[in-house]
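Here's the structure we're looking at; comments come further down.
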Amino acid sequence: MQSLFVNSHPCSILLFNFILLVLFYNTTAVIKLPPNETYPAIFVFGDSTVDTGNNNNRITPSRANYRPYGNDFKGKVATGRFSNGKVPSDMIAAELEIKELLPAYLDPNLQPQDLITGVCFASGGSGYDPLTPKLALTWSMSDQLGMLKEYIVRLQGIVGANRTNFILTRSLYLISLSSCDIANVYFGPTSRRYEYDFASYTDLMLKYATQFLKELYSLGARRIGVLGAPPIGCVPSQRTVAGGLHRKCGEGHNQLAMLFNAKLTTLLDSLNKDMPDSRMVYLDIYNPLLDLIEHPEKNGFKIAEKGCCGTGIIEVAPICNPASAICTDVNDYVFWDSFHPTERAYKIITSQVLKNDGNRLFGHQ
């Protein structure tokens, strides 16, 4: 059965700010599961920090299926991952010993067997605010839920209704959103910051987050990790556009991110009380990433204020492209382009996030 989402909605508008996100995850056995507990599958929703290629066949500037993306991926293949190699979706799937790489749901080469252990629905450029994916010409959170519903029907045809229900209720769900809302929409070329102050805009984001989480729960999800906003004002592109002559961190961006995170934590606590058997856990990316940016030398990095691609201060898809020069040694850099970390940085941050918040997510009180 071919996905209804493949090659649909061709768009002709090209509106782009500085698209996409930065974050988080993995490495050496930092997850300690309760005895005899395993996860049959993993499902990931969100934006470019976790997208593994769902935008590849879509007309959007938010794509990464061309060089130099994937420069350090196996075979130097540009798969649609917004980094030089693997992204957190892959790292968490491997950490849970589910599979080495998490495939994109819209990958035309996806096999029925791939569906059984989970897929990625994330789409680079998406966000909680419905305006965010609209401007980026990308898959909205409503679209991603639609993919999950379609996935459920396909899975039932492969393993039957009972096994499908087991997979849905026992698997891990991850959500990574908010950076594009803040950087590309609120502080981007829109009227949002004139219509909303920080408090009301974070309320808008949380309104749609609540709708998404409730529908995800209604479809069977119980174990859900929700990443907060990163220190988005400190990623290279936002230093360039908001940090002044000396490219300091964008203070407003980070204030908005911290306010959103505080409210998100309260929201998840409330939803857990209202939804039986749910475990919705806030995953703090803000502090681990900020520490890496402020103290890169602690983990062997040399450069955190610019990326490896091009000048490193503005290039991100689509202007990080085959014509862009890349740095001599990617291991010196925290960021691959001006918005997304390198694979090595992702691994270090992932490990820290899991050490800090993994016990609450994976069953240890």
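The values are calculated or read from the model by the stated rules, or taken from the named source; none is laboratory data. Everything numeric here is computed off the predicted structure, so don't read it as measured data. Quick reminder, even Gly has a Cβ in these numbers, built from the backbone with ideal geometry, and neighbours come from all protein chains shown. Note: areas computed on protein heavy atoms with side chains; ligands, DNA, RNA excluded. Shrake-Rupley method; radii C 1.70, N 1.55, O 1.52, S 1.80 Å.
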Counted residues in region 162-184 being buried (at least 22 other Cβ atoms within 10 Å of the Cβ) and without any contact (Cβ under 8 Å) to a residue 60 or more places away in the chain come to 1
* Evaluate the following for H253: is it surrounded by fewer than 16 Cβ atoms within 10 Å (Cβ to Cβ), at negative phi and either outside any helix (DSSP H, G or I) or out of contact with any Leu (no Cβ under 7 Å at 6 or more places or on another chain) (or both)? => no
Among the residues of region 115-127, is there at least one that is out of contact with any Asp or Glu (no Cβ under 9 Å at 6 or more places or on another chain), part of a loop (DSSP other than H, G, I, E, B) and either open to solvent by less than 20 Å² (accessible area, probe 1.4 Å) or more than 16 Å from S171 (Cα to Cα) (or both)?
yes
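Could you pull out the residue among K302, K306 that is of a type in the set (D, E, K, R) and closer than 28 Å to R192 by Cα?
Every option except K306 fails the conditions.
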Condition set at negative phi and outside any loop (DSSP other than H, G, I, E, B), scope region 47-89, selection most open to solvent (accessible area, probe 1.4 Å): answer is K74
- Query: Being over 19 Å from the mean Cα position of the chain (by Cα) and in a loop (DSSP other than H, G, I, E, B), is that true of even one residue in region 128-139?
  - Reply: no
Flagged pairs (Cβ under 6 angstrom, 6 or more apart or on separate chains; first in region 222-241, basic (K, R); second part of a loop (DSSP other than H, G, I, E, B)) are R222/D277; R222/S278; R239/R247
(1) surrounded by fewer than 24 Cβ atoms within 10 Å (Cβ to Cβ); (2) touching a residue at least 60 places away in the same chain (Cβ under 8 Å) all hold for I98 apart from (2)
Of the residues in region 259-299 that are closer than 27 Å to F198 by Cα and part of a loop (DSSP other than H, G, I, E, B), the one that is least open to solvent (accessible area, probe 1.4 Å) is I285
Pairing a residue in region 130-158 that is of a type in the set (G, A, S) with any residue that is at pLDDT below 95, where Cβ atoms lie under 8 Å and the two sit 6 or more apart in sequence or on different chains, gives A136/L15; A136/F16; A136/I19; G146/F5; G157/M1
>> Q238 - would you say it is crowded, with 19+ Cβ neighbours inside 10 Å, assigned to a helix (DSSP H, G or I) and in contact with a helix residue (DSSP H, G or I) (Cβ under 9 Å, 6 or more places away or on another chain)?
In response: yes
Within region 314-350, restricting to residues that are open to solvent by less than 10 Å² (accessible area, probe 1.4 Å), among the hydroxyl-bearing types (S, T, Y) and not in a loop (DSSP other than H, G, I, E, B), the one that is nearest to T138 (Cα to Cα) is Y346
- Taking the stated definitions as given, is M258 in contact (Cβ under 8 Å) with a residue 24 or more places away in the chain and under 22 Å from L172 (Cα atoms)? no
Residue pairs qualifying under the 6 Å Cβ cut-off, at least six apart or on distinct chains, with the first in region 188-207 being buried (at least 16 other Cβ atoms within 10 Å of the Cβ) and the second being β-branched (V, I, T), are R192/V185
Within region 300-313, of all residues that are under 22 Å from the mean Cα position of the chain (by Cα) and closer than 25 Å to T138 by Cβ, the one surrounded by the fewest Cβ atoms within 10 Å (Cβ to Cβ) is I313
Exactly one of I152, I158 is open to solvent by 10 Å² or more (accessible area, probe 1.4 Å), in contact with a Pro (Cβ under 6 Å, 6 or more places away or on another chain), part of a helix (DSSP H, G or I) and more than 30 Å from P189 (Cβ to Cβ), and that one is I158
